[in-house]
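The values are calculated or read from the model by the stated rules, or taken from the named source; none is laboratory data. Predicted, not measured: the structure shown is a model, and the values here were computed from it. Every residue, glycine among them, receives a Cβ derived from its backbone with ideal geometry; neighbour counts consider all protein chains shown.
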Amino acid sequence: MYQRHILSCHPRYVPCATIHPMHITLFGGSFDPPHNGHLKVADHIIQANVADEAWFVPCAKHPFAKHLSPTTHRIAMLKLLHAHTINLFEAESHRPSYSIDTLNHFAVTQPQDSFSWLIGSDQLPLFPKWHHYTELLQKFKIYVYPRTGFPLNGLLPGMVGLTTMPTIDISSTEVRARVKNNQSLHNLVPPAVTQYIQENRLYVG
């Protein structure tokens, strides 16, 4: 059974090099908040031998200018998942986070390893709007996991659909709406994340 772990990796001061060559999938996103669906996706990546490791890469600023909760809160909640590696390369940036820049960074700093990116099928219609998306597809493999209401259709060359993975029917948008409406988060986020949201009065306004 895959054993979960967590490691906050500071890209400026702590080397993240691995001992043996590995394939690492980067799971970028806002994680506002992180939920059980995110955890299931990362777990599947390891259990299905898609990659050796799955890294959560929370962004500091969203390229499409979404309003986000403070980065400190989103990282704190990711830590409460007690799972996988959290990499702070994008979180410590003061500019919008672009997947191609992040992947290029790790390809240079960890040349012994190979890297891929992970997206939900809800991102497929938006993918041509991504920064340098053609370069992204040419240089790196993009894994796509199924989201409710967004079938794995229209995959571009360089994309791989995770067809054996159960469809993820949880979204951060739903979690925020339920908090605002004072509804239960049972089975949507871990209890520790629910407690953190309540104690810090996130998503109530």
Within segment 68-79, restricting to residues that are surrounded by fewer than 17 Cβ atoms within 10 Å (Cβ to Cβ) and part of a loop (DSSP other than H, G, I, E, B), the one that is nearest to the chain's Cα centre (by Cα) is 68
Which condition number in (1) over 13 Å from the mean Cα position of the chain (by Cα); (2) under 23 Å from residue 48 (Cβ atoms) is the one that residue 133 fails? (2)
Of the residues that sit in segment 159-181 and are closer than 21 Å to residue 43 by Cβ and of a type in the set (D, E, K, R), which one is modelled with the highest pLDDT? 174
Report yes if residue 114 is farther than 29 Å from residue 191 by Cβ, touching a strand residue (DSSP E or B) at 6+ places or on another chain (Cβ under 7 Å) and of a type in the set (Ser, Thr, Tyr), otherwise no. yes
Inspect all residues belonging to segment 98-112 and state whether any of them is within 18 Å of residue 50 (Cβ to Cβ), in contact with a Phe, Trp or Tyr (Cβ under 7 Å, 6 or more places away or on another chain) and in a strand (DSSP E or B). no
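Residues are listed down the side, and each one gets a yes or a no for (1) in contact with an Asp or Glu (Cβ under 9 Å, 6 or more places away or on another chain); (2) touching a residue at least 60 places away in the same chain (Cβ under 8 Å); (3) surrounded by 15 or more Cβ atoms within 10 Å (Cβ to Cβ):
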| position | (1), (2), (3) |
| --- | --- |
| 26 | no, yes, yes |
| 29 | no, no, yes |
| 37 | yes, yes, yes |
| 57 | yes, no, yes |
The condition of being polar (S, T, N, Q) and in contact with a Phe, Trp or Tyr (Cβ under 9 Å, 6 or more places away or on another chain) holds, among 184, 121, 171, only for 121
Can you find, within segment 80-95, the residue that is farthest from the chain's Cα centre (by Cα) among those that are charged (D, E, K, R) and surrounded by fewer than 22 Cβ atoms within 10 Å (Cβ to Cβ)? 95
Looking only at segment 40-67, how many residues end up being at pLDDT below 95, assigned to a loop (DSSP other than H, G, I, E, B) and under 15 Å from the mean Cα position of the chain (by Cα)? 4
Enumeration of residues in segment 21-38 that are assigned to a strand (DSSP E or B) and under 8 Å from the mean Cα position of the chain (by Cα): 26, 27, 28, 29
